[in-house]
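Reviewing the structure listed below.
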Amino acid sequence: MRNGRTVRDLRRENRTAVLQRLYFDGPMSRFSLGPATGLSSGSVSNVVAELVAEGLVEEAGSVDSAGGRPRTLLRVSSGSGFMIGVDVGETRIRIELFDLALTELARAERPLAVDGPHPHARYEVGVVVGHVRDGIAEVLRAAEVPVERLLGVGIGVPGIVARTPPRPSARPRCGSAPGAAPAAPSSSSSAPASAPASSPIRRGRAGRSSGAI
């Protein structure tokens, strides 16, 4: 194609647009998906037929139309994929497994040693990665979810990630050690009332829905 995009690229973009709208705004009807995605009714019908055949989308009841047959509602199938959220805290690492309806299926926690001659050693990359790797394996095993069905892993860390030797990035707060980075603001206010703010996956979805990310 002239702009460099192929038919396969357009198909992927159309599928992505429909899945995003159903995930964040669903359930929705085929009629509503048109203006929401900018796709024609024919494109919506073709994409939805593919997604339903693949088990990614399912019917979720119906609503009355302005005149005619009721419109079938569609939603993302909760069991068509799984996500993991990792929250690296000050004293522990929490790993949670969710389906696409954000139902928590399994949870694992790994304590971080706060006592000892080198308390900051608990944040060493090798230590954190080891806990995350073991925790992911544990929740997948507990929920009997094959790794092939895992869509992705999101990780939240407590503060600024530095790829170079740390330097003071802000004036220390009263009572803090020189060069200490300011505490990260709480994101609990952006989480919907029905979703506990402690869940990293739910925090991420709340931010996406509100346009924060």
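The values are calculated or read from the model by the stated rules, or taken from the named source; none is laboratory data. Quick caveat, the model's predicted, so the values are computed rather than measured. Cβ atoms come from the backbone with ideal geometry, glycine included; neighbour counts cover every protein chain shown.
Things worth noting here:
- Residue among Arg110, Arg122 that alone is over 20 Å from the mean Cα position of the chain (by Cα) and touching a residue at least 24 places away in the same chain (Cβ under 8 Å): Arg110
- Looking only at region 121-145, and only at residues there that are touching a strand residue (DSSP E or B) at 6+ places or on another chain (Cβ under 7 Å) and of a type in the set (Val, Ile, Thr), the one that is nearest to Thr91 (Cα to Cα): Val128
- Selection count, region 41-71, where residues are assigned to a helix (DSSP H, G or I) and surrounded by fewer than 11 Cβ atoms within 10 Å (Cβ to Cβ): 2
- Condition met for Leu97 (crowded, with 18+ Cβ neighbours inside 10 Å and not assigned by TED's automatic domain parsing to the domain that holds Ala17): yes
- Only one entry in Leu19, Leu33, Leu74 is farther than 30 Å from Val125 by Cα, touching a residue at least 12 places away in the same chain (Cβ under 8 Å), of a type outside the set (S, T, N, Q) and assigned to a strand (DSSP E or B), namely Leu74.
- Selection within region 120-148 - closer than 14 Å to Leu105 by Cα and either assigned to a helix (DSSP H, G or I) or of a type in the set (A, V, I, L, M) (or both): Gly135, Ile136, Ala137, Glu138, Val139, Leu140, Arg141, Ala142, Ala143, Val145
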